1. Counting just the residues of the stretch 166-191 that are open to solvent by less than 50 Å² (accessible area, probe 1.4 Å), at pLDDT below 80 and under 14 Å from the mean Cα position of the chain (by Cα), which one comes out farthest from D75 (Cα to Cα)?
2. For the structure I just gave you, tell me whether V112 is more than 14 Å from the chain's Cα centre (by Cα) and surrounded by 13 or more Cβ atoms within 10 Å (Cβ to Cβ).
3. Of all residues in the stretch 56-97, count the ones that are in a strand (DSSP E or B) and under 17 Å from I139 (Cβ atoms).
4. Going by what's in this entry, would D134 be described as among the acidic types (D, E) and modelled with pLDDT of 85 or more?
5. For I56, indicate whether it is surrounded by 14 or more Cβ atoms within 10 Å (Cβ to Cβ) and at pLDDT 90 or above.
6. What are the residues in the stretch 126-139 that are in a loop (DSSP other than H, G, I, E, B) and on the phi < 0 side of the Ramachandran plot, if any?
7. Here's a check for you: in the stretch 1-45, which residue that is of a type outside the set (G, A, S) and assigned to a loop (DSSP other than H, G, I, E, B) is modelled with the lowest pLDDT?
8. Restricting attention to the stretch 115-139, and to residues there that are touching a strand residue (DSSP E or B) at 6+ places or on another chain (Cβ under 6 Å) and polar (S, T, N, Q), which single residue is most open to solvent (accessible area, probe 1.4 Å)?
Amino acid sequence: MCGTKSFTFWFLQIIGLIGLLALCLWLVLRPRSPNYTIVNFSVPSVNDSNASDHGIIQYELVIDNPNKNSGIYYDDIFLIFYHGVDTVGNNTIPSFYQRKDRNSRVLNHVDVDTPLWTALRSAILNATAELRVDLSTNIKYKTWGIKSKHHGSHREGNIPIGKDGKISNNKKKVKLRYASKRLKLRATRFL
């Protein structure tokens, strides 16, 4: 009887130790979400007195993979710029693979529609403009040659624009944060 109790106790200790080891291994190898940051944002023709009724927004999107053991496959990345409730413009970045522990930089521009350009231009010249950016994509992680299922990624950020057409408030970049549930529901309709 005493031998059975010690064997059971020993067996439970081994199972507990294996479970603790599995939990630690899972916490170390679990992939983290990428970080999205907009840098070098500008509206170049805002101060031009001969400006047309059509504008361009230039931006650089930095995508940081913080994972040491996992690469990331990105589906098409959809970027939408809003001024208030109006859609100023949108852009699609084609799908790509990002190796582990790397940064990717995407330099691109968005064409602003004519009716919205005049309202946006006057708001920028009055130093009251703020754009909201919505980013939506699906990602897959690749860890040790094994691909995960698709994970949705929805981020948003507010970009205050100064009179010079660049990011104001002494900021040089805007980090995109997790989107609110309301915007997640709206963004999933596009995917």
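1. Step by step, filter the stretch 166-191, then rank; the result is S180.
2. Details: more than 14 Å from the chain's Cα centre (by Cα): yes; surrounded by 13 or more Cβ atoms within 10 Å (Cβ to Cβ): yes.
For V112, the condition - more than 14 Å from the chain's Cα centre (by Cα) and surrounded by 13 or more Cβ atoms within 10 Å (Cβ to Cβ) - is met.
3. Quick first cut of the stretch 56-97, residues in a strand (DSSP E or B) only: 56-64, 70-74, 77-83, 86-93, 96-97.
Filter once more, so that each one left must be under 17 Å from I139 (Cβ atoms): 61-64, 70-74, 77-79, 92-93, 96-97.
So the count comes out to 16.
4. Values: among the acidic types (D, E): yes; modelled with pLDDT of 85 or more: yes.
Yes; evaluated as a whole, the condition is true for this residue.
5. no
6. Going residue by residue through the stretch 126-139, those that are in a loop (DSSP other than H, G, I, E, B) are 126-128.
Passing the criteria: N126, T128.
7. So the first thing to find is which residues in the stretch 1-45 are of a type outside the set (G, A, S), and the list is 1-2, 4-5, 7-15, 17-18, 20-21, 23-32, 34-41, 43-44.
From what's left, assigned to a loop (DSSP other than H, G, I, E, B): 1, 30-32, 34, 43-44.
On the way: M1: 51, R30: 72, P31: 79, R32: 82, P34: 89, V43: 80, P44: 75.
Among those residues, the one meeting the criterion is M1.
8. N138
The values are calculated or read from the model by the stated rules, or taken from the named source; none is laboratory data. Predicted model, so just to flag it, every value in this text is computed and none were measured. Glycine also receives a Cβ, built like all others from the backbone with ideal geometry; neighbour counts cover every protein chain displayed. Ligands, DNA and RNA are stripped out before the accessible areas are found, and what is left, the full protein with its side chains, is counted by its heavy atoms. Shrake-Rupley method; radii C 1.70, N 1.55, O 1.52, S 1.80 Å.
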